[in-house]
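The values are calculated or read from the model by the stated rules, or taken from the named source; none is laboratory data. Source: prediction; values computed, not measured. Cβ coordinates were reconstructed from backbone atoms using ideal geometry, including for glycine residues, and neighbour counts include every protein chain displayed.
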Ligand code: 4AD
Ligand code: MG
């Protein structure tokens, strides 16, 4: 009830979330929100985004102007003052008897697209500026906000420092994906050099720059001074991946820790994921219960064989309660090579030999069919992983680890970093990267180098898992994907 009074100090209205937790005793209150439905010219279901539930506000129509009530329609913004009383009807414990009604803004029913009926997610993606006014999207976005807080809470409590790595980057050596170029030159009439190429020295930064694909390399520099750090920011990849798991702009959480080896790294990643999901379970009960029901409904419309064996809440609890299975790449290849879909050529990419890159069909087989639990794969072949991963003594595998999740595939990618200058230089050369570009990164190996590790978790993939939504475009407010950057 404390927060009821807090909000009253600000704008004389209470949040519906706080009100619904308060005993109705005929007290006068003011609420503000948007109309979800207006039934029988009498019952307004009002939602203010503070909680999933609507507040029923009852209008005695003889008390109000007919013209005013005509403007109370789905989507309109209202300020309502009235008595908060026990509900006369079924379906809710309390309601407001409206005494005063102000319409901040109407919503013409002919053109307001979010009507009280089932809209497809495809349709709502085109109305991304209004979709948060539906129960599903408001629940997803509240869970997203809570998960984000859970991330900061976890790292803060573990003694990590939050660092903000640059979004515009002058190094494109990470090799994590295709990059978007950043330029302030006139695209139609750029300055040219004597060879007729665009003269990037005349661009804003005097060189080619891009949007970052990862904050890792810069985070490493900070780990080598602050000890344990993490970034949590937007990252950008211009790959043409039109899947339900890829965005061109997504948020990544990247911790980086001095003096951590790969095992420490895996322990931290597992603890981190469990902690953040636990935070959501404890703080988003109402929204997750709603999303659990939505998920169950959606699953029940699928063919029996494709249905998930667990409900959403069950799946989250399962992750929290069970150890992730740790398996080397080499073991995984053996399992995959001998698997039914490989022998019967059901995989699109047949696993023939050690060294093959794993596709999401293989990752999902391991997680969903073979182990039936999250899997941490480690010690990948050097040639399918980035230059910075620490070489093992066998000379052919690196200290990489990926965490694979049921229904999602890759949730985390990370590694122990190569801290030995000569080994790192050799790999940079072998991968055809310009050493000069990484001069500052190599400096870390010249001055006080130490073993260190880190990983990256795609935040939207975590939100996708936690909300049981089917498409990553529906767990970020304004998704950016190939051919789509509206809003
Ligand atoms: O595996 P990735 O490419 O790893 C890195 O970028 C490392 N620098 C991380 C590190 O060690 N600090 O990406 C990390 C994670 C993936 O596991 C996946 O969850 C997510 O980022 N991810 C994407 N999420 C949404 N859309 C995309 N296009 C994504 N690409 C990667
Ligand atoms: Mg990866």
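Structural remarks
- Any hit, the stretch 294-309, residues being at pLDDT 95 or above, surrounded by 15 or more Cβ atoms within 10 Å (Cβ to Cβ) and in contact with a strand residue (DSSP E or B) (Cβ under 9 Å, 6 or more places away or on another chain): no
- Among the residues making up the stretch 22-44, those that are more than 15 Å from residue 83 (Cα to Cα), in a strand (DSSP E or B) and touching a residue at least 12 places away in the same chain (Cβ under 8 Å) are 33, 34, 35, 36, 37, 38.
- Entry remark, the stretch 262-284: residues being touching a residue at least 24 places away in the same chain (Cβ under 8 Å), surrounded by fewer than 20 Cβ atoms within 10 Å (Cβ to Cβ) and over 18 Å from residue 324 (Cα atoms) number 3 in total.
- Among the residues of this structure, residue 159 counts as one that is more than 20 Å from residue 440 (Cβ to Cβ), more than 16 Å from ligand 1 (Cβ to nearest atom), part of a loop (DSSP other than H, G, I, E, B) and touching a residue at least 60 places away in the same chain (Cβ under 8 Å).
- Scanning the stretch 82-94 for residues that are touching a residue at least 60 places away in the same chain (Cβ under 8 Å) and part of a strand (DSSP E or B), we see that the one that is surrounded by the fewest Cβ atoms within 10 Å (Cβ to Cβ) is 86.
- Count of residues meeting criterion [surrounded by fewer than 16 Cβ atoms within 10 Å (Cβ to Cβ) and in contact (Cβ under 8 Å) with a residue 60 or more places away in the chain] in the stretch 101-120: 2
- Summed over the stretch 163-218, the residues that are within 16 Å of ligand 2 (Cβ to nearest atom) and outside any loop (DSSP other than H, G, I, E, B) give a count of 2.
- Residue within the stretch 462-475 that is surrounded by 23 or more Cβ atoms within 10 Å (Cβ to Cβ) and within 15 Å of ligand 2 (Cβ to nearest atom) present: yes
- Residue in the stretch 282-294 that is touching a helix residue (DSSP H, G or I) at 6+ places or on another chain (Cβ under 6 Å), in a helix (DSSP H, G or I) and under 22 Å from residue 365 (Cα atoms) present: no
- When the residues of the stretch 375-399 are filtered to those that are touching a helix residue (DSSP H, G or I) at 6+ places or on another chain (Cβ under 6 Å) and under 30 Å from residue 306 (Cα atoms), the one that is surrounded by the most Cβ atoms within 10 Å (Cβ to Cβ) is 377.
- Considering the conditions (1) under 28 Å from residue 360 (Cα atoms); (2) within 9 Å of ligand 1 (Cβ to nearest atom); (3) touching a helix residue (DSSP H, G or I) at 6+ places or on another chain (Cβ under 7 Å), residue 244 is excluded by exactly one of them, (2).
- Within the stretch 302-348, the residues that satisfy the criterion of being over 20 Å from residue 407 (Cβ atoms), touching a residue at least 12 places away in the same chain (Cβ under 8 Å) and not in a strand (DSSP E or B) are 329, 330, 333, 337.
- Restricting attention to the stretch 403-437 and to residues that are under 25 Å from residue 393 (Cβ atoms) and within 30 Å of the chain's Cα centre (by Cα), the residue that is farthest from ligand 1 (Cβ to nearest atom) turns out to be 418.
- Residues in the stretch 414-432 that are surrounded by 22 or more Cβ atoms within 10 Å (Cβ to Cβ) and either within 13 Å of ligand 2 (Cβ to nearest atom) or modelled with pLDDT under 95 (or both): 414, 415.
- Some residue of the stretch 472-482 being part of a loop (DSSP other than H, G, I, E, B), at pLDDT 95 or above and away from ligand 1 (no atom under 15 Å from the Cβ): no
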